[in-house]
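Heads up, the thing below is written out as structure tokens.
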Amino acid sequence: MELTKIAFGGGCHWCTEAVFQSLIGVKKVEQGWVTSTEKNNTFSEAVIVHFYADKIELKTLIEVHLLTHKSTSNHSMRRKYRSAVYYFTNHQKEGVFKIIEELQSNFNEKIITQTLEFKRFKSSTEEFQNYYKSNPKKPFCKNYIQPKLKFLLENFSNKIDNSKVKQ
């Protein structure tokens, strides 16, 4: 089993972390901030997902990502919450472009999620890592994270590790 990684940004990294931690085949999720290149060279909230490609496909990870944040909304907070899939290799880059293009037909609006080169990562402080696992009863978790996990249970039940999802 080969462990690979991809990074995602879109919404609050607490939410994004909890979403990907719940999936079968995901070994580890690092929460923090990512930079890319050129106009995307500032830090934006994101996670790095370490996963086993033989247990969960990159397409599934990207689909989950697109459906659990505002991937079609170019709202005013996009600098802090850049909607992106950050690739680590050119092979990944090609795959990500193709997958997003394929998934576009499932959306009524244009997907604005960018495919960007991963450059740097800065980890969140320890107190904020594993936020949902540590704080499932906090109002933020109940209002923002639990609805996303409920969505996953309803739409990706065969990809969820139920032992990792607290409701």
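The values are calculated or read from the model by the stated rules, or taken from the named source; none is laboratory data. What you see is a predicted model; the values in this text were computed from it and never measured. Heads up, the Cβs are rebuilt from the backbone with ideal geometry, glycines too, and the neighbour counts pull from every protein chain shown. In case anyone asks, the SASA skips ligands and DNA or RNA and just uses the protein heavy atoms, side chains included. Shrake-Rupley method; radii C 1.70, N 1.55, O 1.52, S 1.80 Å.
The mean accessible area for residues of the chain, using a 1.4 Å probe and ignoring ligands and nucleic acids, is 54 Å² per residue. Of the GluC sites (Glu not before Pro) found in segment 51-135, the ones in coil according to DSSP and having at most 11 other Cβ atoms within 10 Å of their Cβ are 109. Recomputing semi-axes √(5λ) of the Cα gyration tensor in Å from the coordinates shown identifies the correct label among (1) 26, 17, 15; (2) 22, 18, 17; (3) 46, 16, 13 as (2). Heavy atoms only, probe 1.4 Å: what % of the accessible area of segment 35-167 goes to carbon and sulfur, would you let me know? Roughly 46 percent of what the probe reaches on segment 35-167 is carbon or sulfur. Taking the Cα centre of segment 56-167 as reference, the dipole from Cβ charges on Lys and Arg (+1) and Asp and Glu (-1) amounts to some 580 debye. Extending 7 Å from Cα along the Cβ direction at residue 137 and again at residue 125 yields two label points whose distance is 2.4 nm. With Cα atoms defining each centre, segment 38-82 and segment 90-142 are spaced 2 Å apart in the structure.
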